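Before any comments, here is the structure.
The values are calculated or read from the model by the stated rules, or taken from the named source; none is laboratory data. Owing to the predicted nature of the structure, the values given are computational and were not obtained by experimental measurement. A quick note on method: Cβ atoms are made from the backbone with ideal geometry, for glycine too, and the neighbour counts reach across all protein chains shown. For the accessible areas, the whole protein counts, side chains as well, though only heavy atoms, and no ligand, DNA or RNA atoms are used. Shrake-Rupley method; radii C 1.70, N 1.55, O 1.52, S 1.80 Å.
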Amino acid sequence: MTQFTEREFAAVLHGPRDVRLEEVDRPRPGPGQVLVQIERVGLCGSDLHYYVDGHNGPTVLDTPTVLGHEASGIVVGVGDGTPPKLLGRQVALEPATSCGVCVICRGGRSNLCPSGTCLGSPPTNGALREHVVIEHRLAHPLPERLNPEEGVLIEPLAVGCWAVHRARVATGHRVLVTGAGPIGLLTAKAALAAGAVEVTVADVHPHRLELARRLHPGPVVDLSTDELPRTGFDRMLECSGAPSALEAVETLKPGGVIALVGVPQRRSVAPLGYVQRWEVDLVGCFRYGPAAFRSAIGWSGTGRVRLSGLVTARFSLAHTGEAIETALTDRTQLKVVVQPNAA
Ligand SMILES: [Zn+2]
Ligand SMILES: [Zn+2]
């Protein structure tokens, strides 16, 4: 018996600055999977890297790929053995998978699994299309108070929650966040939710600083003109990837922790003498480990983290190229989203 296959649109990246709206088969949910109608897709630094350079760090776009790993939507179909109560629920998609059986996964470090995949990371297609099929346990129901626009920020907030976990941010800490992009501001929110008494956000770009002054409830420092306070920070969460940001490690208190969240250049220079002398712990953060996604949903569901006001521009799927260009060039934007099912 032949089954009628529905068609839909996807934004497919073929190479640098070559994104095309194409007709593709609508996917069908298999056992344990759900079909999600995508409402919002957030554009992120990695999407921009694939668009401009055709690669993101070592991951190369060598086959046409649908980008997008920050997504919210509505469950409109379930496969065999999938809880039917998910039908109709608004969800945030957890984009990364792991094998679950290797030594690394079994050791609780599933985000480092060598055979892991991620939506929108070539060759795995992402969410810049009308529907996505995903394992039901990766479609997290959104709390009532969150709308799809806030739901799309759960994924980048999970990055911040993981950074806070890795850096062991605790009650009463004074925290420095370098980099005032979406990840920096969401990481600052996660640090406050984890009990930090004060979070200072630092950057050098005027528009980023302006957004930070508007959206961040603590001190904002312009590192191009001002010095950081010498009173010392307990924790530093580096979210810029800028080589100069690492200088700020010298403002950490003895025994402090610096977490690298932003992607640094391959050979970055840092004041390691200070790290050695004052026993600073330096930790890396890759996406997020187990439970960070649930913390992000929990904290935003109770209002401990507020996600309103961070989305600053919206585009239709047909205008995905324009959306990416805007995210690249318009420094007044914070989070640019695509709405694949908007009328
Ligand atoms: Zn992202
Ligand atoms: Zn594994």
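Where does helix 206-215 land angle-wise versus the long Cα axis of the chain, in degrees 0 to 90, nearest 10? Between the helix axis and the principal axis of the chain, the angle is about 80 degrees. Summary of packing: across the peptides 160-169, 194-203, the per-residue average of other C-beta atoms within 10 Å ranks them, highest first, as 160-169, 194-203.
When DSSP beta bridges are restricted to pairs lying wholly in the chain, around 60% turn out antiparallel.
One Cα centroid belongs to the range 199-271, the other to the range 286-338; the line between them spans 21 Å.
Taking the Cα centre of the range 240-301 as reference, the dipole from Cβ charges on Lys and Arg (+1) and Asp and Glu (-1) amounts to some 220 debye. Computed from point charges on the beta carbon alone (+1 for Lys and Arg, -1 for Asp and Glu), the dipole magnitude for the range 170-260 about its Cα centre is near 300 Debye. Leaving out ligands, DNA and RNA, and with a 1.4 Å probe, what % of the accessible surface on the chain is carbon or sulfur? Carbon-and-sulfur percentage of accessible area, whole number: 51.
Between the listed residues L142, A127, G116, the Cα displaced farthest toward the positive end of the dipole of the range 91-155, a dipole computed from Cβ unit charges relative to the Cα centre, is found at G116.
Over the chain, dividing the summed -39,500 (n - 2.57) contributions of all DSSP H runs of at least 4 residues by the number of residues returns a 222 nm mean residue ellipticity of -6500 deg cm²/dmol. Note on the chain: with charges restricted to the Cβ of Lys and Arg (+1) and Asp and Glu (-1), its dipole about the Cα centre is near 920 debye. To the nearest 10, the accessible area of F286 is 100 Å² with a 1.4 Å probe. With a ≥ b ≥ c taken as the square roots of the eigenvalues of the C-alpha gyration tensor of the range 31-177, please select rounded if a/c is under 1.5 and otherwise prolate if a/b is larger than b/c or oblate if it is not? Since a/c stays below 1.5, the shape of the range 31-177 is classed as rounded. Residues in the chain average 46 Å² of solvent-accessible surface per residue, probe 1.4 Å, ligands and nucleic acids excluded.
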